[in-house]
Amino acid sequence: MTLRWILPAVAAAVLAAPAAACPFCTPTGTTLSGEVAQADFILFGTLTNANRDPNDPTAFNKGTTDLTIETVIKPHDMVKGKKTVTIPRYVPPDGRNDKYLVFFNVYDGKLDPYRGEAVSADSKLPDYLKGAIEVRQKDIVTRLRYFFEYLEDPDLVVSTDAYSEFGYAEYKEVREVAPKLPAATLLKWLKDPNTRGSRLGLYGLLVGHAGKPEDAKAVRALLDDKDRSYTSGLDGVLAGYALLDPKAGWEYVTGLIAKPDQDFPVKYAALKTVRFFWEFRPDVVSNAQVLAALKTLMDDHDIADMPIEDARKWKVWDLTPTVLGYAAKEDHIKTPIVARAILKFAIAASWADPKNAAAAAYVEEARKKDPNRVDFLERLLKDEAAPPPPAGPDKKSGPTPKPGG
């Protein structure tokens, strides 16, 4: 079981995370090793002697709890030589765990325990985190190889954190480490019906780099298995198949796209796979092949707005006749989000190429009908293209306020 105490003022800082760099991963929160840099010190030990604040006994967490230190994960002079520290928080026993990993900050000489993880007696969490700290400054292959060993750890905190380490790695880093990983283990995880669906995208991508061409048959068998359901992760498995066998894999992807009655989640997974090859691996699937698949997706009004937006972001202005042609298709133009995507494409295309008469004419016709709508979308596109403001200095904001403070 995991127990966390995170007060409102720091919740956003702890839980907010950058967009995932791994194409088919969905990590959440700050990784534990990343949070090491934010914490002044980290202790592992046993919580005892929990007492509520006698002046406010009904408050949720007011009071004190003693932490008997067993391991100092990250040291600090404030706890040097101490065997026990008193946490200014009431943390009652939950009946199942009494070992905790606690992250502290120090403000004005006072302890601020902002995160606590309940740890079972057989958990590898303390050792895992110590190892994560040790590899933090090493090369990316060494670091990710370390976290790979914990991806299917039975401790959910450990395995989730290891997964997030991969999720926040750049694709080029994942690609660098993948050939050094055991393809047999990855295939085993992919085949295991108990593997969490959120992991399948990463495992599929990894096996696409770690495996040999003959492994493509095993991946194809998983894709063809009628008893398997991909609630998530299908995109990475498709990409892995195409990496192992570009011809057969890409035919499989485009075959999914071409089915008119295909379920939307499958179409969306295929679109994400198409994006992957455009953005990262045109050496495997050419840009021409990707654009052909993109056009097929545009033909489907249920998902057309997404590939049209991709074409705009990729600045493929040669598709102007194709995109504007959908304005004449009733199913497309009567769908507001698709109509909006077409107009945004036309605006961006007219800005990029003043000689693009078709795009300019479409925009002007739209402006006559609804000038406010066009003005709004133009402002939206300008804001999107504007560089982000410079980041301010990284300063600690002071002690965590109490709830309601």
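Read through the labelled values [x] 62; [y] 47; [z] 53 and report the label of the one computed as percent of Cα pairs over 27 Å apart from the structure. Among [x] 62; [y] 47; [z] 53, the one calculated here is [x]. When the listed pairs Lys99/Lys180; Lys172/Lys226; Lys138/Lys212; Lys188/Lys272; Lys138/Lys313; Lys295/Lys382 are checked against a 30 Å cut-off, the alpha-carbon distance exceeds it for Lys99/Lys180; Lys172/Lys226; Lys138/Lys313.
Give, as a single signed number, the net charge of other residues whose beta carbon lies under 15 Å from the beta carbon of Thr86, with Lys and Arg counted +1 and Asp and Glu -1. Surrounding charge for Thr86 is +3.
Let me know the shape class of the range 182-300, please: from the alpha-carbon gyration tensor, a ≥ b ≥ c as square roots of the eigenvalues, rounded when a/c is under 1.5, otherwise prolate if a/b is greater than b/c, or oblate. Oblate is the answer for the range 182-300, as a/c is 1.5 or above yet b/c matches or exceeds a/b. Tell me which residues come under 5 Å, amide H to amide H, from Phe41 once H is placed; ignore anything under 5 positions away on its chain. Answer set, sorted by chain and number: Phe104. For Asn61 and Ser232, a Förster radius of 30 Å and the Cβ-Cβ distance give a FRET efficiency of 0.30, rounded to the nearest 0.05.
Tell me whether the range 315-385 comes out rounded, prolate or oblate; compute the Cα gyration tensor, take square roots of the eigenvalues as a ≥ b ≥ c, and use a/c under 1.5 as the rounded threshold. In terms of gyration-tensor shape, rounded.
Since every read-out is calculated from the coordinates, none of them should be taken as a lab result. These figures come from a predicted structure and were not determined experimentally. Please note: Cβ atoms are built from the backbone with ideal geometry, for glycine as well, and neighbour counts cover all protein chains shown.
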